[in-house]
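Please treat every number below as a calculation from the coordinates, not as lab data. Because the structure is predicted, anything quoted here is derived from the model rather than measured. Counting neighbours? That spans all protein chains shown, and the Cβs are built from the backbone with ideal geometry, glycine included.
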Amino acid sequence: MSSGNKIDVAYVSDLARLELTAEEKALFQPQLENIVKYVEKISEVDVDGVEPMMHGRELVNAFREDEVRPSMDREKALANAPARVGEEFLLPKIVEGAES
């Protein structure tokens, strides 16, 4: 690696709280070094005049006109509800300690 800094898989795995065997450390060490080499290679690219962007292509939202349309009848929507209170669905409490 051109930076002269060796990335230690054991140190990185400790930071990530991963327990790796000696065999896994031996396997991942060269892989991690190759990743760092690749990042260093990317940093050599001249990006002067290139504006930062989130995506490689321009994103276009396909908006539609907001129009009022008839909705489902309330009784029809509640027809298959296992339980209801008046004109509302009755659902079981799913958060412990929540007030009813």
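Points to keep in mind about this one:
- Chymotrypsin sites (Phe, Trp or Tyr not before Pro) restricted to DSSP loop in the chain with at most 13 other C-beta within 10 Å: F63
- Virtual spin-label span in nm between E58 and E33, 7 Å along Cα→Cβ: 4.6 nm
- Alpha-carbon Rg/Rh ratio, for the chain, with Rh computed the Kirkwood way: 1.33
- Once the Cα atoms are used to define both axes, helix 22-43 deviates from the longest principal axis of the chain by about 90 degrees.
- For the pair M72 and K93, a Förster radius of 35 Å applied to the C-beta separation gives a FRET efficiency near 0.85, rounded to the nearest 0.05.
- Gain on full stretching of the segment that runs from K25 to Y11 - 0.36 nm per residue minus C-alpha separation: 4.0 nm
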